[in-house]
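The values are calculated or read from the model by the stated rules, or taken from the named source; none is laboratory data. Note that the structure is predicted; figures quoted are calculated from it, not measured. Cβ placement follows ideal geometry from the backbone for every residue including glycine, while neighbour counts extend to all protein chains displayed.
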Amino acid sequence: TVLATCRPMSRHVVAAVATLFTLAAAPGLARAGRGGVVPPMEFEVGQATLASEAGPRVLATQLQAGLSWAALMPSPTPVDVTVGWIAILGPGSDAASGSTPMARAAVPAVRDAHGAYLDVAVTIGRTRHVRGWLSGRGEVLTAGSAVLTGVAARVQTELWAPVATTHPGSFMVGTFGLSLWAELGVRGRAGDHLGATTAAGLGVRLPFIVAY
């Protein structure tokens, strides 16, 4: 199996970090007289791999951002439902030049694909500030003119801290969290070869914040 490494994705990572910083800074901006709202969200970044029997193994960057029920809840919840956006940012066209048509068909499943996802998770253990999640995700993405579908199963460990506070000019309710996750799944075009995917990365959970 040939290992095809991805091109640098630093611009996407920088954009994601800048977005997180801007959202987290909303209360400070409010105190400066600008105001802001941070919805209860979960942001994730990781490295994904698609392994195809018909072609090379391809590395990609996986980004996710979604509205999260557990981020809104300031108390333990046995279930989390997240709806959001996912992007799979893979190698350039030179990595897509597989030796067979099926190999070339497998690569777009991890090349610059983006779309919507729905994730449902249940807790598999919880202490005061550590909890585990087992989740399943369904997704529909576009990669150029192709429409891709995928499913994934994930295990996740999270450090979490509930919050429900009010300050002059702002209030917040929900949960802060920092997590490690790993997943297995399949993704591809309907009727074509499906590629098995693996991914692992980090996640950040932010509560609902209003600053005025």
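Some notes on this structure:
- Filter result for the condition that a residue is modelled with pLDDT of 90 or more and not charged (D, E, K, R), over Ala182, Ala113, Ala103: Ala182
- Of the residues examined, Arg154 is one that is out of contact with any helix residue (DSSP H, G or I) (no Cβ under 7 Å at 6 or more places or on another chain) and either of a type in the set (Lys, Arg) or in contact (Cβ under 8 Å) with a residue 60 or more places away in the chain (or both).
- Scanning the stretch 137-152 for residues that are farther than 12 Å from Gly188 by Cα and more than 13 Å from the chain's Cα centre (by Cα) returns Gly144, Ser145.
- Cβ separations smaller than 7 Å between residues 6+ apart or across chains give the following pairs from the stretch 137-148 residues that are at negative phi to residues that are acidic (Asp, Glu) and in a strand (DSSP E or B): Arg137/Asp119.
- Selection count, the stretch 193-209, where residues are in a loop (DSSP other than H, G, I, E, B) and under 18 Å from Ala152 (Cβ atoms): 2
- Residue that is surrounded by the fewest Cβ atoms within 10 Å (Cβ to Cβ), among those in the stretch 191-212 that are under 21 Å from the mean Cα position of the chain (by Cα) and small (Gly, Ala, Ser): Ala200
- Only a single item in (1) at pLDDT below 95; (2) under 19 Å from Phe43 (Cα atoms) is not met by Arg131, and it is number (1).
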